[in-house]
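Have a look at the structure below, then the notes.
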Amino acid sequence: MSEIGRGDSMIGERIRYLRLQKGYSISRLAKESGVSKTYLSNLDRGIQDNPSLQILEKIAKKLGTSVDHLISEDFNKNN
C-alpha cells in the first residue's frame, strides 16, 4: 500500500470538514466507506497520520470528492 507523507494532519481536518458538510457522523462514514470507526476517529483527531491511498480512496468516494482534492496543497473548502 502506498502512503501519503505530506500534510497528513491536514488530511484528517479536511476529511472532518467534508464529513460534517455532508452531515455524516464518524459512524455513518465508517459504515458506508468500509473504513473502521476507530481509524476514522483517529484520523479526525490527528492520531492516525499516515493513511494509505486505499483508505483515502474509500473515504473520498463516500464524501463525493477525490484523493487529489484531499491531499492538494490548494485545498478549497468550496469544492
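The values are calculated or read from the model by the stated rules, or taken from the named source; none is laboratory data. From a predicted model like this one, the values you see are computed outputs, not experimental measurements. FYI the Cβ positions are ideal-geometry reconstructions off the backbone, even for glycines, and counts take in every protein chain you see.
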If I filter region 71-79 for residues that are among the acidic types (Asp, Glu) and assigned to a helix (DSSP H, G or I), do I get at least one hit?
no
With the first residue restricted to region 5-24 and required to be under 13 Å from residue 59 (Cα atoms), and the second required to be modelled with pLDDT of 85 or more and acidic (Asp, Glu), Cβ contacts under 8 Å at 6 or more apart or on different chains are 12/44; 15/44; 16/44; 19/44; 24/32
Within region 29-74, residues in contact with a Lys or Arg (Cβ under 7 Å, 6 or more places away or on another chain) and either surrounded by fewer than 18 Cβ atoms within 10 Å (Cβ to Cβ) or of a type in the set (Lys, Arg) (or both) come out as 32, 34, 44
Residues being under 16 Å from residue 56 (Cβ atoms) and assigned to a helix (DSSP H, G or I) - total across region 27-40:
6
Residue hits (region 47-74; in contact (Cβ under 8 Å) with a residue 40 or more places away in the chain and of a type in the set (D, E, K, R)) are 49, 73
Check off (1) surrounded by fewer than 20 Cβ atoms within 10 Å (Cβ to Cβ); (2) modelled with pLDDT under 95 for residue 11 and give me the number that stays unchecked.
(1)
